[in-house]
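The structure's right below; bear with me while I get my questions together.
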Amino acid sequence: QCERGHKAFLAKILFSLQQLKINLPSSWPAPLRKHLEDPFRFFQERTKVLEMDLSKRNYVAVNWEAEKRIVVGGMFFSYEPLIDMAVLVHEARHSDEEAAKHVVCWSGEVPRGGIACDNEFSMDAKTAGAYSYSTLFYFAVALYGENISVADREFSMAEGLAQLGSRFNQIPEALGKKEDVLFVLTEQGRLERYNGKVRRWEHLALALPPSEYVVKIEKAPLGVESLLIFTNRGQVWVWSADRELRRFYRGLISDTMVVTHLARTKLPLQDATAFVLLSDHGTLSTVEFSEIGQPELKSYPLERGRPMQEPVPVMKDFFLAIEDEGVFLSEDGRLWQNPRWGDQPVFRAPSSLQSPVGWTSGHGGVLYDALYLVDARGDLHCSKVSYEAQAMDYVKKLNLQLCRDWELPLRKHAQGVQGEVVLDKKGRLVSRPYNSPEAVLLHEGIKDFAVSQKAVRGKPLEAF
């Protein structure tokens with residue numbers, strides 16, 4: 001019965017794609033117009049077999065390009081129809097030998113999480129990758145689709161812009177660049193966002209349930225200007241500029257569970273990244289997906305790798321850093337890393353990355369390619385990654401040292417695309433632009449802060 005329902009769902013998506021008509025302007029390259037004005041034909045000509053595999057619960061779809069066989073997984077059936085149509089266009093593009101292949105994401109929604117981005121956005125049908133095609137499909141539907149409702153046009157445009165900002169390592173300057181967005185949580189519990197246009201802080205009103213209030217904030221790779229919001233009840237909410245306030249995977253966190261930290265990071269002995277949750281009693285969990293694309297909490301894979309010689313440490317913080325590694329900080333101030341090979345324990349504490357006074361917080365930078373750590377004294381240490389040739393291979397090296405002197409004992413540090421921001425132990429928020437040696441006091445009486453990014457687009461649709 002379940003499989004029949006999925007087949008009917010897939011049939012409706014195909015029928016909707018077949019009925020969809022798009023009338024593109026002559027300014028679009030002729031090959032691109034041919035491909036996207038009749039997206040069903042584009043899909044049909046590049047697909048020999050279309051099938052379902054509900055056992056593949058953690059992915060949306062894949063194209064076995066040598067066979068031109070597209071397989072849709074469990075997550076496909078949890079999306080809106082327009083997204084699924086874009087997925088089919090995306091996968092069909094993989095059948096074209098000239099299409100650019102996916103590369104590892106530098107940041108975005110799947111930071112350092114396997115091969116899940118196009119290197120650059122392109123409208124050249126000779127070389128454009130699959131994400132270029134699905135992004136252009138969204139724009140084509142939103143701007144030139146026939147008999148499309150206003151709601152569907154707005155939805156398609158939002159998805160196109162979101163994909164443009166999260167699935168490409170390089171975006172043409174004409175389409176947009178990113179700027180930092182600052183959020184603060186004051187000591188009085190007020191959440192504020194900095195409005196750079198008028199240069200003032202503005203209250204960010206949240207429709208939280210009665211008696212629930214914000215205790216912590218973090219950047220989230222989940223939308224435009226996105227923010228993870230932790231509350232006194234142990235719940236996690238997601239706020240972003242393009243969507244309403246919503247629970248993090250609604251229903252995933254029970255009313256009795258208290259989540260103290262959540263971040264997307266690398267899992268041990270895996271190329272993929274995933275969301276990891278930390279509860280108040282020190283339990284680590286990961287977010288996985290059911291056959292029908294529903295999120296589920298699973299125990300963190302502590303059994304992977306060689307058994308540890310000491311008890312599993314109680315963690316307080318974790319993040320993605322050093323290009324592609326999960327970094328954890330334990331309650332006793334030690335730094336731990338996930339194993340790279342199967343003969344290592346699930347957590348290891350390299351002696352070269354420890355502090356005599358203990359680490360209190362850290363992050364991997366905007367592109368997750370570095371390591372920034374604040375110690376218990378409030379000093380900031382950092383390291384970029386370098387590689388050393390050893391035995392016909394290259395070994396990753398880190399040289400952890402004191403960073404720029406802020407002359408302030410720090411509690412938290414963040415790196416943006418325009419500059420660095422710190423919170424000192426007196427609750428003062430200070431920034432230092434990359435092009436200036438001068439530090440600027442932004443706010444006082446601050447409990448926590450986060451730096452997110454948004455796309456800055458002058459007239460982004462002129463190209464389309």
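All of the numbers you see were taken from the coordinates with simple rules; none came from a lab. What you see is a predicted model, and the numbers here were worked out from it, not measured in a lab. Cβ sites come from the backbone with ideal geometry, for glycine too, and all protein chains shown count toward neighbours.
Size of the dipole of segment 1-45 about the Cα centre, Lys and Arg at +1 and Asp and Glu at -1 on the beta carbon, nothing else charged, in debye to 20?
In debye, rounded to 20, segment 1-45 gives about 100.
Compute the length gained on full extension between D152 and Q170: take 0.36 nm times their separation in residues and subtract their Cα-Cα distance, giving the result in nm to one decimal.
3.7 nm is the gain from fully extending D152 to Q170.
So if I take the alpha carbon set of segment 90-163, get Rg, then get Rh from the Kirkwood formula, what is the Rg over Rh ratio?
Ratio of gyration radius to Kirkwood radius: 1.02.
Here is a further query. Which of the lysines could a cross-linker bridge to K412, judged by Cα under 23 Å and excluding same-chain residues fewer than eight apart?
List returned: K178, K216, K219, K266, K316, K384, K425, K426, K447, K454.
Would you work out which of A241, V385, G189 lies farthest towards the positive end of the dipole of the chain, given +1 charges on the beta-carbon of Lys and Arg and -1 on that of Asp and Glu, about the Cα centre?
The residue sitting farthest along the positive end of the dipole is G189.
Still on this model: Using Cα-Cα distances under 8 Å and only pairs 6 or more residues apart, what relative contact order does the chain have, in percent? Walk me through the intermediate numbers first.
Numbers: 1002 pairs, mean separation 57.0, N = 464.
Normalised by residue count, the contact order of the chain is 12 percent.
Where a Cα-Cα gap under 28 Å defines reach, which lysines qualify for K12, not counting those fewer than 8 residues away within the same chain?
Those lysines meeting the cut-off are K21, K34, K48, K56, K68.
Rounded to the nearest 20 Debye, what is the dipole magnitude of segment 1-138 about its Cα centre when Lys and Arg each give +1 and Asp and Glu each give -1 at the C-beta?
Working: 17 positive and 18 negative charges, 61 e Å.
Once rounded to the nearest 20, the dipole reads 300 debye.
Please compute the Kirkwood hydrodynamic radius over segment 305-421, one decimal place, Å, based on all pairs of different Cα atoms.
15.0 Å
Per residue, what volume in Å³ does the Cα convex hull of segment 80-124 take up?
Cα-based convex hull of segment 80-124, divided per residue, equals 93 Å³.
For the chain, what does the helix formula give at 222 nm: sum of -39500 (n - 2.57) over DSSP H segments with n ≥ 4, over the residue count, nearest 500 deg cm²/dmol?
-5500 deg cm²/dmol
Using the scaling law 2.2 N^0.38 Å as the reference, what is the normalised Cα Rg of segment 48-88?
Ratio of Cα Rg to 2.2 N^0.38 Å: 1.09.
Mind checking which of F42, P356, T273 is farthest towards the positive end of the chain's charge dipole, using Cβ charges of +1 (Lys, Arg) and -1 (Asp, Glu) about the Cα centre?
Sorting the options by dipole projection puts first P356.
About its Cα centre, how strong a charge dipole does the chain have in debye, to the nearest 20, once Lys and Arg get +1 and Asp and Glu get -1 at the Cβ?
The calculation lands at about 440 debye.
Can you bin segment 331-387 into rounded, prolate or oblate? Criterion: square roots of the alpha carbon gyration tensor eigenvalues sorted a ≥ b ≥ c, rounded for a/c under 1.5, prolate for a/b above b/c, oblate for the rest.
oblate
Compute the Cα gyration tensor for segment 121-208, then decide on rounded, prolate or oblate, letting a ≥ b ≥ c be the square roots of its eigenvalues: rounded whenever a/c is under 1.5, prolate when a/b is larger than b/c in the other cases, and oblate in all that remain. All intermediate terms of the calculation are to be shown ahead of the outcome.
Details: a/c = 3.12, a/b = 1.83, b/c = 1.70.
Prolate shape, in that a/c is at least 1.5 and a/b is the bigger ratio.
With the Cα gyration tensor of the chain in hand, convert its eigenvalues to equivalent ellipsoid semi-axes via √(5λ) and list them largest first in whole Å.
Details: eigenvalues 295, 139, 105 Å².
Value: 38, 26, 23 Å, ordered largest first.
Assuming 1.306 mPa s and 10 °C, estimate D for segment 200-344 with Stokes-Einstein, Rh taken as the Kirkwood radius over Cα pairs, in µm²/s.
Values: Rh = 16.5 Å.
For the chosen part, D equals 96 µm²/s.
Over segment 1-129, what is the percentage of antiparallel beta bridges among all DSSP beta bridges, to the nearest 5?
Around 60 percent antiparallel, to the nearest 5.
Report the calculated FRET efficiency for K48 and N399 (r = Cβ-Cβ distance, R0 = 60 Å), to the nearest 0.05.
Working: r = 52 Å, r/R0 = 0.87.
Approximately 0.70, to the nearest 0.05.
Between E407 and S26, how many nm apart are label points set 7 Å from Cα along the C-beta direction?
In this crude label model, E407 to S26 measures out at 6.4 nm.
OK, next. From the P(r) of segment 280-350, can you give the percent of Cα pairs sitting at distances over 19 Å?
39 percent
Let me check the size of segment 35-146 from its C-alpha atoms; what are the radius of gyration and Dmax in Å?
Both quantities, over Cα of segment 35-146: 13.6, 38 Å.
Another question about this same structure. How high is the relative contact order of segment 237-385, in percent, counting Cα pairs under 8 Å that sit 6 or more residues apart? Could you put the intermediate results ahead of the total?
Details: 298 pairs, mean separation 23.9, N = 149.
16 percent.
How much FRET efficiency would the formula 1/(1 + (r/R0)^6) give for R69 and L269, where r is the Cβ-Cβ distance and R0 is 22 Å, rounded to 0.05?
Values: r = 28 Å, r/R0 = 1.29.
With R0 = 22 Å, the Cβ-Cβ based efficiency is 0.20.
Right, something else. Expressed in nm², what is the orientationally averaged projection area of the convex hull enclosing the Cα positions of segment 1-88?
If you wrap the Cα atoms of segment 1-88 in a convex hull and average its projections, you get 6.3 nm².
Shifting gears a bit: I want to verify the translational diffusion coefficient of segment 266-317 in µm²/s; compute it with Stokes-Einstein, Rh as the Kirkwood radius over Cα pairs, at 37 °C and 0.692 mPa s.
Stokes-Einstein gives a translational diffusion coefficient of 263 µm²/s.
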